[in-house]
Amino acid sequence: MSAEILAAKTTGTTTVHAPVTKQQAIEKCKEYTKNELAASVIASKYLLCDENNNYVEICLEDMWCRMAKAIVQPEKPELREEFEKRFVELLRDFKFVPAGRIMYGLGNRFVNVTLKNCYVIAIEEDSVKGIFDMAYRAAETYKAGGGVGSDISVLRPKGSPVHNAARYSSGSISFMDFFSRITGLIGQKARIGAMLLSMDVSHPDIIDFIEIKSKNNDDIRFANISVKITDEFMKAVEADKDFDLKFNGKVYKTVKAREIWDKIIECAWKRGEPGLLFWDKIISEIPAQNYPGFQTVTTNPCGETTLSHGDSCNLGSMNLSKYVIKPYTKEASFDFPSFDIDVRLAVRFLDNIISMEKTPLPFQQQANDNGKRLGLGIMGLADVFLKMGMRYDSDEALAVTNKIMSNFMISSYDASCDLAKEKGSFPVFNAETHFKSEYVKRLPVWLQNKITNTGIRNIAIHAIAPTGSLAIVAQCSSGIEPVFQIKYIRKTNLGTAKEVVEHEVLHSVAQEYVDYHGVSIDKLPPYFIGAYDVKPESRIRLQAAIQKYIDQSISNTFNMAKGTPKEQIGYYYTEAWKSGLKGITVYREGSREGVLVSADSKKEENREQNVIMIHQAPKRPDSIKCKVHSVKPNGKKYTVFVGFLGDRVYEVFALDHGLAGVSDGMEGEIKKAKGDNNESQYYFESGCLIVKYLNRYEDKEASLVTRLISTALRHGTPLEFICDQITKAHVPVTSLSRAIARALSCYIKEEETKGKFKCSACGSKNIKFEGTCYVCLDCGSSKCG
């Protein structure tokens, strides 16, 4: 990477404005979007702030110009001005929407972050070194703003002999919590780090892997999980045959394939996880799979990009809804000529990201430079159908989709060939190797010949992401998914002392139809349908059609009614495999509480007020169970003791020094006794180890912090509220209180939130799951988008 390009990435500038507040920036964005939520998300996640959190970008035009000015730096100097104009026009009005990392990081002169959303990091060897190397690399990646996918199939199963003090391995599953906690510890602006962990269906630990998130084990709450399903396994399920569980060629156990299959279905029905990756289909289709060093390890956290070790997402989406001519009329049509021009320009935009990207770690840079992988996708497909007067699940919609996606495939691959002629193919390109892919063999003959003669710029070009927050910003439907609800309830003033205001909101296209025809909400045509009105069979059919034109993969959540039986999910999974899907994720309404509900739903009858109820603390027993944590705020070591009353976190103590014989993760009891002057004394006991006087501190901060937290816990304050308030407080991340909050956060359980998911940013339960991520429809915060 040249110094000039790196400078453009980190010092790109736009029109200089006097800094403004966040609210002023939101109001300015609202002038364009006419939508408060979209304006709020743009300001919160993508506009630039200076070191004092004052906004130096005040509107969308600033953001678009900043990105366009930065992205042209890899071009020849004499071409930059012209391409800058073209890129601004492409970005303006959200015709093309780059991924969030690009929108925030490209031209950002205040923060140096990765321009890639997610990376895959392999565990390179089955050893402590391999495990901790992966953990370190993940932490560095999170620090730069990226997410991580990894596969734990390489780790030996539980009970395997090892040549160390343990003698027997704790198994692959035992490290999942470790990887998950690292994900939760590293903060990123307006988002939480994302992780996916996958495992081969033939691994001896597979049952434990499948069940881990269905046993209310929230220790893995910062990672999504997926099973790599093989054709051999699916055929064994169909024939009700035995299936070998093996590691390094050794068979550990033989079980009925349906035993594993039934566990997958039960857990997906119960929790929406694990997702399925149809592995044989993936590796037969992906062009990169046939290149040494680019074999697919797993996917990114949302599943749309199939990646090798060190490689990464480079995402952007064409907003299809912007290409409908004469919408809401009988003459509505799709503007293919304009779409072709813009797809080609979007390929160039993402290819320039490759030239500008400085990855968190050197091995990632090598994958970035040698493969030049893109991830161009689509969004707003459901809006195209609505603007053209079609039901999402109709034959008409399927025919339009095939035509759009065929044009998308040809335009993008042809553009990559043109770039190869202009700038050179990706360094490891080999025509013979490339044509081993079943996908490449399906390209038109003339395009295959062009790849042979000119080469191709990118090892992969397509990926359809869930586009959760970006769909809010662009005010369109997400990815290839149907509109979740045509109308829904949105709440404002969350988290304040004011009365919560609820109002009915229409999906943007429905609102446009109402405004265009001057009709009431109740007069919407019958083709305005939501996700629960679309049968999964129709969605499988549509995704299978689209998959033919996509060289990587698609993130797509199948929404199912609450009463859907387990057997029906098994049927859909089987149909997905038979239809050639590369993966599938299901969400049964109610399997994860707190998901967005329709305006007609009665679920909202029992809304909770934003009030913390303080209960009379129960009498403390003389002895309660305890776990130990070691923390090092500001470089000083503290020993933190977390006490439990039953399953509930009840109190916390901290000693301002390390203790010999006390280690992180140790369990024991905290006992209460009477000392001099009848004063209460507490001491920790574990085996023969006794640590006395846990209520005596030389460090006054430790005394105050732990007394306040313990008081709140004993009187019933929800643990997640305490951790959230400490995190929101304006105290350094290295402080003792923040360190204690991180230790306590691993004990937050669903039952403590009354079984309901809440947005960590605003407290809303108005949450929609997309892929294996979520997006809050009240404030726009997302877990992995």
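The values are calculated or read from the model by the stated rules, or taken from the named source; none is laboratory data. Just so it is clear, the structure is predicted and the values come from calculations on it, not from any experiment. Heads up, the Cβs are rebuilt from the backbone with ideal geometry, glycines too, and the neighbour counts pull from every protein chain shown.
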### Query
List the pairs whose first member sits in segment 101-117 and is within 15 Å of Ala68 (Cα to Cα), whose second member is aromatic (Phe, Trp, Tyr) and assigned to a loop (DSSP other than H, G, I, E, B), and whose Cβ atoms are under 9 Å apart, counting only residues at least 6 apart or on separate chains?
Met103/Tyr46; Tyr104/Tyr46
### Task
Give just the number: which of (1) modelled with pLDDT under 95; (2) closer than 30 Å to Ser321 by Cα does Met67 not satisfy?
(1)
### Message
Whether any residue in segment 197-217 is crowded, with 22+ Cβ neighbours inside 10 Å and either of a type in the set (S, T, N, Q) or modelled with pLDDT under 90 (or both) is what I want to check.
### Response
yes
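To keep it simple, each residue is scored yes or no on (1) surrounded by fewer than 22 Cβ atoms within 10 Å (Cβ to Cβ); (2) in a strand (DSSP E or B); (3) in contact with a helix residue (DSSP H, G or I) (Cβ under 9 Å, 6 or more places away or on another chain).
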{"residue": "Leu245", "(1), (2), (3)": "yes, yes, yes"}
{"residue": "Lys263", "(1), (2), (3)": "yes, no, yes"}
{"residue": "Ala268", "(1), (2), (3)": "no, no, yes"}
{"residue": "Glu304", "(1), (2), (3)": "no, no, no"}
### Query
Residue check: is Tyr413 modelled with pLDDT of 95 or more, more than 16 Å from Leu320 (Cβ to Cβ) and touching a helix residue (DSSP H, G or I) at 6+ places or on another chain (Cβ under 7 Å)?
yes
### Task
Specify which of the listed residues (Ser308, Ser317) is among the polar types (S, T, N, Q), under 29 Å from Ala474 (Cβ atoms) and in contact (Cβ under 8 Å) with a residue 24 or more places away in the chain.
Ser317
### Message
Cβ-Cβ distance below 6 Å, separation of 6 or more or different chains: which pairs start in segment 393-408 with a residue that is crowded, with 18+ Cβ neighbours inside 10 Å and end on one that is at pLDDT below 95 and in a helix (DSSP H, G or I)?
### Response
Asp393/Ser538
### Query
Any idea which residue in segment 422-451 is nearest to Lys281 (Cα to Cα), counting only those that are outside any loop (DSSP other than H, G, I, E, B) and either among the hydroxyl-bearing types (Ser, Thr, Tyr) or touching a His at 6+ places or on another chain (Cβ under 8 Å) (or both)?
Tyr439
#### Entry: Residue that is nearest to Lys263 (Cα to Cα), among those in segment 552-571 that are modelled with pLDDT of 90 or more and buried (at least 21 other Cβ atoms within 10 Å of the Cβ)
Ile569
### Task
Find all pairs meeting these conditions: Cβ atoms under 7 angstrom apart; at least six residues apart or on different chains; first residue within segment 451-480 and without any contact (Cβ under 8 Å) to a residue 40 or more places away in the chain; second residue of a type in the set (Lys, Arg).
Thr454/Lys421
### Task
Please work out which one of (1) polar (S, T, N, Q); (2) surrounded by fewer than 22 Cβ atoms within 10 Å (Cβ to Cβ); (3) closer than 22 Å to Leu307 by Cα; (4) at pLDDT below 95 is the condition Asn224 fails and give its number.
(2)
### Message
Take the conditions out of contact with any strand residue (DSSP E or B) (no Cβ under 8 Å at 6 or more places or on another chain), of a type outside the set (A, V, I, L, M) and part of a helix (DSSP H, G or I) and apply them to Lys235. Does it pass?
### Response
yes
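Quick grid of which residues meet (1) at pLDDT 95 or above; (2) crowded, with 18+ Cβ neighbours inside 10 Å; (3) hydrophobic (A, V, I, L, M, F, W, C):
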| residue | (1), (2), (3) |
| --- | --- |
| Ala460 | yes, yes, yes |
| Ile464 | yes, yes, yes |
| Ile489 | no, yes, yes |
| Asp522 | no, no, no |
| Tyr527 | yes, no, no |
| Tyr532 | no, no, no |
| Glu537 | no, no, no |
| Ile546 | yes, yes, yes |
#### Entry: Hits in segment 177-196 (condition: modelled with pLDDT of 90 or more and either in contact with a strand residue (DSSP E or B) (Cβ under 6 Å, 6 or more places away or on another chain) or assigned to a strand (DSSP E or B) (or both))
Met195, Leu196
### Summary
Expected output for segment 416-433 (first residue surrounded by fewer than 14 Cβ atoms within 10 Å (Cβ to Cβ), partner at pLDDT 95 or above and not acidic (Asp, Glu), Cβ below 6 Å, 6+ apart or cross-chain) is Pro427/Asn370
## Note on the structure
Within segment 330-376, residues among the hydroxyl-bearing types (Ser, Thr, Tyr), assigned to a helix (DSSP H, G or I) and touching a residue at least 40 places away in the same chain (Cβ under 8 Å) come out as Ser355
